[in-house]
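The values are calculated or read from the model by the stated rules, or taken from the named source; none is laboratory data. What you are looking at is a predicted structure, and each value in this text was computed from that prediction instead of being measured. When we count neighbours, we look across all protein chains shown, and the Cβ atoms used for this are built from the backbone with ideal geometry, even at glycine.
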Amino acid sequence: MQLYSYFRSSAAYRVRIALNLKGLEYDTVPIHLLNGGGEQFSSSYRKIHPASLVPSLTDEPKTGGRALTQSLAIIEYLDETYPEPKLLPGKPDDRAYLRGIALSIACDIHPLNNLRVLRYLKQELKIDDAAKDAWYRHWCEIGLGAVESVLASDSRAGSFCYGEAPTLADCFLVPQMVNALRLNCDLGRMPTLMRIYEKCMTLEAFVKAAPDRQPDAE
Ligand SMILES: N[C@@H](CCC(=O)N[C@@H](CS)C(=O)NCC(=O)O)C(=O)O
């Protein structure tokens, strides 16, 4: 398998965690999102992912020369193709709960704070770095606050987002928490998220997926 990744990409980080949890070997193909205006825009990478985003994953011969895109779709593919340990366990309503947490992060937080959005704020709308960071923290704190409310009140949450083993939801939560901590978001009102994050970070699958452990880390 080949994972097109950037060490600091939280979307690629989600997939790295899932691959590690399943014990799958893969090669990292680094796509530098900043160098030379961004390698994601090169014509060769556009053929792999026309939206010029990471991650993408190939799994030959199963994927027949096509790359898979979108972290949620990639992780669901991995879970269907390599079922153990299950990242989407339980009944349909439990799986909806797990996808709901993942999508709260992937749809309600991450797109507002993605590199191209922050770049547009700065370069086109002429927002300074302090205002850009304030934007980041604002949307991250609102979004994670909503996830905290879900996890703090749902009896399915245990040491992890769902009981006592990591699932899809933890693959999404941890990279967003790492970014929130890096950008000094106020996580004081998110004790459940902090507890689950710290529990995940006791597992090698999560530690090995961290940005500073990647071959392209700077
Ligand atoms: N919804 C996509 C998001 C992918 C995405 O936005 N990736 C970011 C890095 S975390 C990216 O490639 N950004 C490049 C850019 O903004 O130019 C997924 O989950 O895979």
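What number of residues within the range 2-32 are more than 10 Å from the ligand (Cβ to nearest atom), part of a loop (DSSP other than H, G, I, E, B) and either more than 23 Å from Leu173 (Cα to Cα) or of a type outside the set (Asp, Glu) (or both)? Give the steps one after another, and end with the answer.
Looking only at the range 2-32, we keep the residues that are more than 10 Å from the ligand (Cβ to nearest atom), and these are 2-3, 7, 16-30, 32.
Filter once more, so that each one left must be part of a loop (DSSP other than H, G, I, E, B): 7, 22-26, 32.
If we keep only those that are either more than 23 Å from Leu173 (Cα to Cα) or of a type outside the set (Asp, Glu) (or both) as well, we get 7, 22-24, 26, 32.
So the answer is 6.
Condition first: more than 9 Å from the ligand (Cβ to nearest atom) and among the small types (Gly, Ala, Ser). Now tell me which residues in the range 74-118 satisfy that.
Gly90, Ala96, Gly100, Ala102, Ser104
Does Leu151 satisfy the criteria of being within 20 Å of Ser10 (Cβ to Cβ), modelled with pLDDT of 95 or more, in contact with a strand residue (DSSP E or B) (Cβ under 9 Å, 6 or more places away or on another chain) and assigned to a helix (DSSP H, G or I)? Step through it out loud before you land on a result.
On the way: within 20 Å of Ser10 (Cβ to Cβ): yes; modelled with pLDDT of 95 or more: yes; in contact with a strand residue (DSSP E or B) (Cβ under 9 Å, 6 or more places away or on another chain): no; assigned to a helix (DSSP H, G or I): yes.
The answer is no for Leu151.
If Ser71 satisfies all but one of (1) touching a Leu at 6+ places or on another chain (Cβ under 8 Å); (2) within 23 Å of Cys107 (Cβ to Cβ), what's the number of the condition it fails?
Condition not satisfied by Ser71: (1).
Filtering the range 86-115 down to residues that are of a type in the set (Lys, Arg) and in contact (Cβ under 8 Å) with a residue 40 or more places away in the chain, which residue is surrounded by the most Cβ atoms within 10 Å (Cβ to Cβ)? If you could, list the steps in order and put the result at the bottom.
Within the range 86-115, the first condition is being of a type in the set (Lys, Arg), and the residues that meet it are 86, 91, 95, 99.
Right, trim to in contact (Cβ under 8 Å) with a residue 40 or more places away in the chain and you get 86, 99.
Values: Lys86: 14, Arg99: 17.
Out of the qualifying residues, it is Arg99.
Could you tell me how many of the residues in the range 33-74 are surrounded by 14 or more Cβ atoms within 10 Å (Cβ to Cβ) and part of a loop (DSSP other than H, G, I, E, B)?
Going residue by residue through the range 33-74, those that are surrounded by 14 or more Cβ atoms within 10 Å (Cβ to Cβ) are 33, 38-40, 42, 45, 48-49, 52-59, 63, 67-72, 74.
If we keep only those that are part of a loop (DSSP other than H, G, I, E, B) too, we end up with 33, 38, 42, 49, 52-55, 59, 63, 67, 70.
Number of matching residues: 12.
What are the residues in the range 119-130 that are surrounded by 13 or more Cβ atoms within 10 Å (Cβ to Cβ) and either outside any helix (DSSP H, G or I) or more than 16 Å from the ligand (Cβ to nearest atom) (or both), if any?
Across the range 119-130, the qualifying residue is only Ile127.
Tell me, please, whether a residue that is free of Cβ contacts under 8 Å to residues at least 12 places away in the same chain and at positive phi can be found in the range 20-32.
The first filter runs over the range 20-32 and keeps only residues free of Cβ contacts under 8 Å to residues at least 12 places away in the same chain, leaving 23.
Subset that is at positive phi: 23.
Scanning the range 20-32, I find at least one residue that is free of Cβ contacts under 8 Å to residues at least 12 places away in the same chain and at positive phi, so the answer is yes.
Does Ala67 count as more than 8 Å from the ligand (Cβ to nearest atom) and in contact with a Cys (Cβ under 6 Å, 6 or more places away or on another chain)?
For Ala67, the condition - more than 8 Å from the ligand (Cβ to nearest atom) and in contact with a Cys (Cβ under 6 Å, 6 or more places away or on another chain) - is not met.
Gly145 - would you say it is part of a helix (DSSP H, G or I) and not β-branched (Val, Ile, Thr)?
Numbers: part of a helix (DSSP H, G or I): yes; not β-branched (Val, Ile, Thr): yes.
Spelling it out, Gly145 is indeed part of a helix (DSSP H, G or I) and not β-branched (Val, Ile, Thr).
Considering every residue within the range 53-63, establish whether at least one is closer than 27 Å to Asp154 by Cα and of a type in the set (A, V, I, L, M).
Restricting attention to the range 53-63, the residues satisfying the condition of being closer than 27 Å to Asp154 by Cα are none.
No, because not a single residue in the range 53-63 is closer than 27 Å to Asp154 by Cα and of a type in the set (A, V, I, L, M).
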